[in-house]
Amino acid sequence: MLADTPLEIWTTAIGWTWYNILWDIVTSTGIVFIPFIAMLVTAWRDAYVAGGEQGAAARCVREMENKVYLALLVIIFAGLPCPLTPVSPATTQYTPTATVADPNPPTADGSNSGDTFGQSFGALKKQSADVPFWWYAVMKLSSGINQAAMAGIGSGLTGLRELQQQSGLVAIADPALRAEAIRFYNECYIPARTKFMSAEPSPVAAAAIKTHGVEDTEWIGSHAFLDDITLYPAIYAAAEIPGWPFNGGDASAADVAGEPDPPLFARPSCHTWWTASKIGIHDKLLRDAKLNGVDLVTRLKSVFAFNDTKAEDVVARSVLTNEGPAAKATPMGVGDAIAGGTRNTVNWVTASIAYAINWFVMGVVVPGLKFIQPLLLMGMYAMMGLYLILARFELEALIIGALGIFSVKFWTVLWFGVDWLDEHLIAALYPSSDYLMGRFVLTLKQLTTVADGDLAKRVILDMVILSLYIFLPALWTGMMTWAGFRVGQSLSQLTNEGAGSLRQSGSPTGLLSLKRGGGGKR
């Protein structure tokens, strides 16, 4: 059995387990026989009302036979749990959607789900529930149609929305690293920028700006400042940095040369402070950028074809700009230092609205709908037995129930289509990789510097995706509901016509008519 979401691995087994429990209750208490009693009473009433006609008893018997045989057929195929068609978390599999960053995602099941659902529902791993043959076939067919439809729509999504969320969540988790980054801003970036702004850029700095963009000098990891020997290489930390081994031969140690008790830690140059392997701020920021084991540098390189330097710069700036819990322990967030300047109040309000809408759509509505779907299916599975009893085991109940399950499971295909459309709309509105990273994958602080037109495009896109996520399944479900009732009416009409034929053939008048009709001409 294939599941469309990780939670469905467990809710499918839970739903049919509850179905078995409720079915045992209605059979042991005799509730399952109530529809047959209703059939008998209805047939007796019709025969009694037409009691003046001859053959009323025969008509009653034939109507009862027709309804009972159909009801027994429904019970056998859709009511009785079948041991040949069981479901369990161990045999239900879910394969995540392939993306450019992860073209071959691993398939999970109840034995190795790799998420917290497996921890919470771990006791159900080996639990198995027998499913009536009809509903098992409906689930299998629905899952197969879903997989074929999504494969036909297109595979290899880039995962831009997920990347956007991850870029907005990463932040400096270590308060010591945040304090060190603030020191670097005050002791290195401010002096270097002041010196840079006081004269024409050197040829080396101008070349770096041409390569990395005009915004290169607007953050503490500026390549222009790193490459110009008169800037970061010539500026040193104002005080010792814990964790940096002291080097008496370094230029920063000239003021303590000859002292009997040298300092414990060094005062490296700003260039070394930023670029040193493992202990440099750059490497520390990239280590903090891993969220739930996901390396954002690798994700960016696979999605945008960035080189190592470009991807690392984007990630480092995201980590510096985002406000994590550690920011509250410092007097000034590094994000404030990166943004720089005075913020226009209107831009801040507009950016906040755009950010809130994006958070509501991608952080609440979309995950919430994908969470509700498997729970809704679980409830449908669990109550299917009661539904059949209330429908008096009529044949059309099978069709309507099957369309109900299929329509809810097909929501996955509709949402997949919306995701595919979303990524193509994003690529149309933000046509280049640099423009996309500079206008779409942004934190709230970075949004305040974006032009109003780009903010409007982001808000419009989020609202369109929100409406499609909600109204497409609603429209589809409404269409399937209408189709189900139409099919049910057709089957009911067909059944009534068959009963009418039996009613006619069961009366002496009917038999006489048949004899006259079948005699032909002599």
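The values are calculated or read from the model by the stated rules, or taken from the named source; none is laboratory data. These numbers come from a predicted model, not from an experiment. Backbone-built Cβ (ideal geometry, glycine too); neighbour counts: all protein chains shown.
For region 291-312, check the following and say yes or no: at least one residue is buried (at least 19 other Cβ atoms within 10 Å of the Cβ), touching a Phe, Trp or Tyr at 6+ places or on another chain (Cβ under 8 Å) and at pLDDT 85 or above.
No, region 291-312 has no match at all.
Sort through E180, E215 and tell me the only one that's over 27 Å from S302 (Cα atoms), of a type in the set (D, E, K, R) and either in a helix (DSSP H, G or I) or at pLDDT 80 or above (or both).
Details: E215 fails: over 27 Å from S302 (Cα atoms).
Checking each option against the conditions leaves just E180.
Let me spell it out: the conditions are (1) at pLDDT below 90; (2) touching a strand residue (DSSP E or B) at 6+ places or on another chain (Cβ under 9 Å), and R59 meets all of them except one. Which number is the exception?
All conditions pass for R59, except number (2).
Could you list, in sequence order, the residues of region 369-390 that are closer than 26 Å to V74 by Cα and either without any contact (Cβ under 8 Å) to a residue 24 or more places away in the chain or not assigned by TED's automatic domain parsing to the domain that holds I405 (or both)?
Residues of region 369-390 that are closer than 26 Å to V74 by Cα, as a first pass: 374-390.
Once the filter is applied, which keeps residues that are closer than 26 Å to V74 by Cα and either without any contact (Cβ under 8 Å) to a residue 24 or more places away in the chain or not assigned by TED's automatic domain parsing to the domain that holds I405 (or both), region 369-390 yields Y387, L390.
From the residues in region 370-391 that are surrounded by fewer than 15 Cβ atoms within 10 Å (Cβ to Cβ) and farther than 30 Å from Q489 by Cα, which one is nearest to the chain's Cα centre (by Cα)?
F371
Considering only residues that are at pLDDT 90 or above and outside any helix (DSSP H, G or I), which ones fall in region 28-54?
Correct list: T29, G30.
Would you check if there is a residue in region 200-207 being buried (at least 18 other Cβ atoms within 10 Å of the Cβ) and assigned by TED's automatic domain parsing to the domain that holds D308? Even if it seems obvious, please write down each step before you answer.
Of region 200-207, the ones buried (at least 18 other Cβ atoms within 10 Å of the Cβ) are 205.
Narrowing the set further to residues that are assigned by TED's automatic domain parsing to the domain that holds D308 leaves 205.
Yes, that holds for at least one residue.
Among (1) in the same structural domain as L395 (by TED's automatic domain parsing); (2) modelled with pLDDT under 55, which single condition is G518 missing?
For G518, the exception is condition (1).
What residue, of I460, I470, is closer than 22 Å to E162 by Cα, at pLDDT 90 or above and assigned to a helix (DSSP H, G or I)? If you could, list the steps in order and put the result at the bottom.
Details: I460 fails: at pLDDT 90 or above.
Answer to the check: I470.
Working only within region 183-212, note down all residues that are without any contact (Cβ under 8 Å) to a residue 24 or more places away in the chain, of a type outside the set (D, E, K, R) and closer than 26 Å to L300 by Cα.
Residues satisfying the conditions are A207, A208, I209, T211.
So which pairs qualify, if the first residue must be in region 460-483 and under 22 Å from M362 (Cβ atoms), the second must be of a type in the set (D, E, K, R) and surrounded by fewer than 17 Cβ atoms within 10 Å (Cβ to Cβ), the Cβ gap must be under 9 Å, and the two must be at least 6 apart or on different chains?
none
Condition (residue is modelled with pLDDT under 90, β-branched (V, I, T) and not in a loop (DSSP other than H, G, I, E, B)) applied to region 184-201: is it met by at least one residue?
The answer is no, given that none of the residues of region 184-201 is modelled with pLDDT under 90, β-branched (V, I, T) and not in a loop (DSSP other than H, G, I, E, B).
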